[in-house]
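Peer 1: A single structure is presented below for examination.
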Amino acid sequence: MGTGQPTAHEASPLMGATMAFSTIGIILSIILLFVNIDLAVRTAAALLVGIVGIISFVRHSVYYHSDQVRMGWHQDHPEFHLEVGYANLAVGIWALVAAVFDWGFVCGVAIAIYATYLFCVLLLHIVEAISWEDLHIAAHRSRVIRSIISTGFSMVMLVVFAVVAFARAGMVPFMQL
């Protein structure tokens, strides 16, 4: 980045790419559920966890100053963003590996891990909505509401695909598909 004040210039398109891959991944994986369940699980793991996780790593760890501006946060130390980025990268890489090698159960585990992560993020957004003083400002309120809805929907879809993957692998207490 340049020497001036950081902007959301880099992080905003990366967040847009995250949303685009999430949307494409959800739609494509749902369609594939009716055609090939194993391919649906692999697609969900690859797109919803693998690609999204790697893009999130870049946004959080490489362009962390820009991401802080995008989120309206300011931190003097980037360690939080770096850690979140590394976690996204770790899960994202293994989701891609599992999808490429057709490790259905591992795809399910990666999806379940990312669903758990998004559940925690959802709780954070809800706490933010309850406690944030600036919610009377329409732009802030709109951002929080969008975050709650999109994170919640993505998390629910990940849970669905994780359950499908576990059922497909014959895991108890899930029925076998």
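Peer 1: Name every residue in the stretch 68-83 that is within 21 Å of I148 (Cα to Cα) and either among the basic types (K, R) or in contact with a Ser or Thr (Cβ under 8 Å, 6 or more places away or on another chain) (or both), in order of residue number.
Peer 2: Across the stretch 68-83, the qualifying residues are V69, R70, H81.
Peer 1: Could you tell me which residue of the stretch 56-84 is farthest from G4 (Cα to Cα), considering only residues that are without any contact (Cβ under 8 Å) to a residue 40 or more places away in the chain and among the acidic types (D, E)?
Peer 2: E83
Peer 1: Oh, and also: Looking only at the stretch 71-89, count every residue that is buried (at least 20 other Cβ atoms within 10 Å of the Cβ) and either basic (K, R) or at pLDDT 90 or above (or both) and tell me the total.
Peer 2: Taking the stretch 71-89 as the starting set, the residues that turn out to be buried (at least 20 other Cβ atoms within 10 Å of the Cβ) are 81, 85, 88.
Within this subset, residues satisfying the condition of being either basic (K, R) or at pLDDT 90 or above (or both) are 85, 88.
Here the count works out to 2.
Peer 1: Residues being surrounded by fewer than 18 Cβ atoms within 10 Å (Cβ to Cβ) and in a helix (DSSP H, G or I): count how many of those fall in the stretch 90-112.
Peer 2: 5
Peer 1: Enumerate the helices (runs of 4 or more DSSP H) found wholly within the stretch 1-58, keeping only those where 2 or more residues are surrounded by fewer than 18 Cβ atoms within 10 Å (Cβ to Cβ) and either hydrophobic (A, V, I, L, M, F, W, C) or modelled with pLDDT of 95 or more (or both).
Peer 2: Details: elements: 11-33, 37-43, 52-57.
Here the list reads 11-33, 37-43.
Peer 1: Here's something else I'd like to know. Using the structure shown, decide if E79 is touching a helix residue (DSSP H, G or I) at 6+ places or on another chain (Cβ under 9 Å) and charged (D, E, K, R).
Peer 2: no
Peer 1: Do we have any residue at all in the stretch 31-49 that's in contact with a helix residue (DSSP H, G or I) (Cβ under 6 Å, 6 or more places away or on another chain), over 21 Å from C120 (Cβ atoms) and of a type in the set (F, W, Y)?
Peer 2: There is no residue in the stretch 31-49 that is in contact with a helix residue (DSSP H, G or I) (Cβ under 6 Å, 6 or more places away or on another chain), over 21 Å from C120 (Cβ atoms) and of a type in the set (F, W, Y).
Peer 1: Does Y86 satisfy the criteria of being touching a His at 6+ places or on another chain (Cβ under 7 Å) and either on the phi > 0 side of the Ramachandran plot or among the aromatic types (F, W, Y) (or both)?
Peer 2: In short, no.
Peer 1: Take I31 and decide whether it is out of contact with any Ser or Thr (no Cβ under 6 Å at 6 or more places or on another chain), touching a residue at least 24 places away in the same chain (Cβ under 8 Å) and not polar (S, T, N, Q).
Peer 2: Spelling it out, it is not the case that I31 is out of contact with any Ser or Thr (no Cβ under 6 Å at 6 or more places or on another chain), touching a residue at least 24 places away in the same chain (Cβ under 8 Å) and not polar (S, T, N, Q).
Peer 1: Quick test of your reading of the structure: P6 fulfils all but one of (1) in contact with a Ser or Thr (Cβ under 7 Å, 6 or more places away or on another chain); (2) under 25 Å from A112 (Cβ atoms). Name the failing condition by number.
Peer 2: Tallying (1) in contact with a Ser or Thr (Cβ under 7 Å, 6 or more places away or on another chain); (2) under 25 Å from A112 (Cβ atoms), P6 fails exactly one: (2).
The values are calculated or read from the model by the stated rules, or taken from the named source; none is laboratory data. The model shown is predicted, which means the values in this text are computed figures rather than measured ones. Glycine gets a Cβ as well: all are built from the backbone with ideal geometry, and neighbour counts include every protein chain shown.
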